[in-house]
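Participant: Here you go, one structure.
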Amino acid sequence: MLQYIISRILSLALILVGVSILVFLLIKLTPGDPVSLMLGEDATPAQVENLNRLYGFDQALHVQYWRWASRAVQGDLGTSVRQRIPVTTLIWERMPATFELTMWSLIIAVGLGIPLGVLAAVRRNSWFDIGSMSVALVGVAAPNFWVGLILLSQIALHVAWLPIGGRGPAFSDAMASVFTQFDFTQLWHHFRHVLLPAVALGTSIMAIIMRLTRSSLLEILNTDYVRTARAKGARGLTVVYKHALRNALLPVVTVVGVQFGSLLGGAIVIEAVFSWPGIGRLILNGISQRDFPVVQGSVLMFTAIFAVVNLLVDLSYGLIDPRIRYG
């Protein structure tokens, strides 16, 4: 087990190095000069040269990368060219908003996808099975930004208590208000603001989980040990939830871990659609303003989170299925 964890951590480090090199080169090769954007058209050549020297943009690419990477290892992702604020500070200020949106999307996707997939498998070829799989097919095909725009135009504009944008109170602040003052007002406002963005972001993942749960459970229900359990007189719910579902969830857990990266990537677009103040909007602003340190640091942070989540998913296999051992 320990050897497996060490090998995965080493592979994670190699992935981060590769991603950092790729992102650094792609950002540097994009057209546009952040110094010129920051100083404006009236800047003198001397001012441009001084600012390039200050940020190290006048050095060779490999020198710039080594300087940035060596600082990133120590937790210093540089300073925003536009805002003159450390990138780490900007990321940690926006991280709770993105984390909230991603977690609620994942809760919606798993909380609805697995039960609906189980019902579709148990009621195979029924109207519920056909209808749910048809909806899942649309959910997989529909881009999350399109779903977000549909929710805004068809629901948010016609339902008074659903806002069309913004974050509202943070979940931690809302829960603190509940426990200290027994006041649910902030919690209600939090759910009002996060509901539509979370649904828009989690719809495609929910559809994938639903279809995979159904197909995996149908395969397990046709195995010998399930038929034996039924022959011994076990009730239908016991067979499904105690004997079949646990084994059927293994591929679902894998997909949830992989799709977590899709949620992070989709959050960038959804945050722009719903004016959600997370890292996604920070990256979009950094790209439009040619703020290289912000884009590089944010993408590197996204990659690290995704890799750590995949490691946790791999380790969770042993909890779901005790037969799995790590060599």
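The values are calculated or read from the model by the stated rules, or taken from the named source; none is laboratory data. Because the structure is predicted, anything quoted here is derived from the model rather than measured. Here the Cβ is made from the backbone with ideal geometry for all residues, glycine too, and neighbour counts use every protein chain on show. Accessible surface areas use protein heavy atoms only, side chains included; no ligands, DNA or RNA. Shrake-Rupley method; radii C 1.70, N 1.55, O 1.52, S 1.80 Å.
Participant: Which shape class, rounded, prolate or oblate, goes with the chain when its Cα gyration tensor gives a ≥ b ≥ c as root eigenvalues, a/c under 1.5 marks rounded, and past that a/b bigger than b/c marks prolate?
Facilitator: Values: a/c = 2.46, a/b = 1.67, b/c = 1.47.
The shape class here is prolate.
Participant: Right, something else. What does the charge count near Leu116 come to, summing +1 for each Lys or Arg and -1 for each Asp or Glu among other residues with Cβ under 14 Å from its Cβ? Please list the in-between numbers first.
Facilitator: Details: positive: Arg123, Arg124, Arg211, Arg214; negative: Asp129.
Summing Lys/Arg as +1 and Asp/Glu as -1 gives +3.
Participant: Show that you can apply the helix-only estimate: for the chain, add -39,500 (n - 2.57) for every DSSP H stretch of four or more residues, divide by all residues, and state [θ] at 222 nm to the nearest 500.
Facilitator: Working: 13 runs with 241 residues, N = 327.
Calculated from helices alone, the mean residue ellipticity at 222 nm is -25000 deg cm²/dmol.
Participant: Right, next: Enter the angle in degrees (range 0 to 90, nearest 10) between the Cα long axis of helix 279-288 and the first principal axis of the Cα atoms of the chain, meaning the one along which they spread out most.
Facilitator: Computed tilt is about 40 degrees.
Participant: What is the helix-to-structure angle for 245-273, meaning the angle in degrees between its Cα long axis and the longest Cα principal axis of the chain, kept from 0 to 90 and rounded to the nearest 10?
Facilitator: Roughly 30 degrees, rounded to the nearest 10.
Participant: Something else about it: Using modelled backbone amide H atoms (1.01 Å from N, in-plane), which distant-in-sequence or interchain residues come within less than 5 Å of Leu77's amide H?
Facilitator: Hits under the 5 Å cutoff: Val87, Thr88.
Participant: Also, quick follow-up: What ³J(HN,Hα) values, in whole Hz, does the Karplus curve 6.51 cos²θ - 1.76 cosθ + 1.60 give for region 128-143 when θ = phi - 60°, with x put for Gly and Pro?
Facilitator: My calculation for region 128-143 gives 5, 4, 5, x, 5, 5, 5, 5, 5, 4, 5, x, 5, 7, 7, x Hz in order.
Participant: Moving on. What net charge is computed for the residues neighbouring Gly202, neighbours being all others with C-beta under 15 Å from the C-beta of Gly202, Lys and Arg scored +1, Asp and Glu -1?
Facilitator: Working: positive: Arg211; negative: Glu100, Glu271.
My count for the surroundings of Gly202 gives -1.
Participant: Between rounded, prolate and oblate, where does region 49-126 land on the alpha carbon gyration tensor, with a ≥ b ≥ c its root eigenvalues, rounded for a/c under 1.5, else prolate if a/b exceeds b/c?
Facilitator: Values: a/c = 4.73, a/b = 3.23, b/c = 1.47.
Prolate, since a/c reaches 1.5 and a/b exceeds b/c.
Participant: In percent, what relative contact order does the chain have, based on Cα pairs under 8 Å that are 6 or more apart in sequence?
Facilitator: Numbers: 360 pairs, mean separation 87.8, N = 327.
Relative contact order comes out at 27 percent.
Participant: Report the net charge of residues surrounding Ala267, where surrounding means a beta-carbon distance below 12 angstrom and charges are Lys +1, Arg +1, Asp -1, Glu -1. Could the numbers behind the result be given before it?
Facilitator: Numbers: positive: Arg94, Arg281; negative: Glu100, Glu271.
Neighbourhood net charge equals 0.
Participant: Here's something else I'd like to know. What angle, in degrees between 0 and 90 and rounded to the nearest 10, separates the Cα long axis of helix 185-221 from the longest principal axis of the Cα atoms of the chain?
Facilitator: The angle comes out at about 50 degrees.
Participant: With a 1.4 Å probe and all protein chains left in place, how much of the accessible area of region 58-195 comes from carbon and sulfur atoms, in whole percent?
Facilitator: Answer for region 58-195: carbon and sulfur cover 68 percent of the accessible area.
Participant: Please list, ordered by chain and number, the residues whose modelled amide H lies under 5 Å from the amide H of Asp183; skip anything fewer than 5 residues away on the same chain.
Facilitator: Placed amide hydrogens put Val178 under 5 Å from Asp183.
Participant: Return the single residue from Ile209, Ile91, Ile270 with maximal mean-square fluctuation; model: Gaussian network over the chain, springs between Cα atoms under 10 Å.
Facilitator: Looking only at Ile209, Ile91, Ile270, the largest GNM fluctuation is found for Ile91.
Participant: Right, something else. How long are the three semi-axes of the equivalent ellipsoid for region 100-186, computed from the Cα gyration tensor as the root of 5 times each eigenvalue, in whole Å, largest first? Write out the running numbers ahead of the final one.
Facilitator: Working: eigenvalues 200, 74, 27 Å².
After scaling each eigenvalue by five and taking roots: 32, 19, 12 Å.
Participant: With a 1.4 Å probe and all protein chains kept in place, how much accessible area does Leu201 have, in Å² rounded to the nearest 10?
Facilitator: 0 Å²
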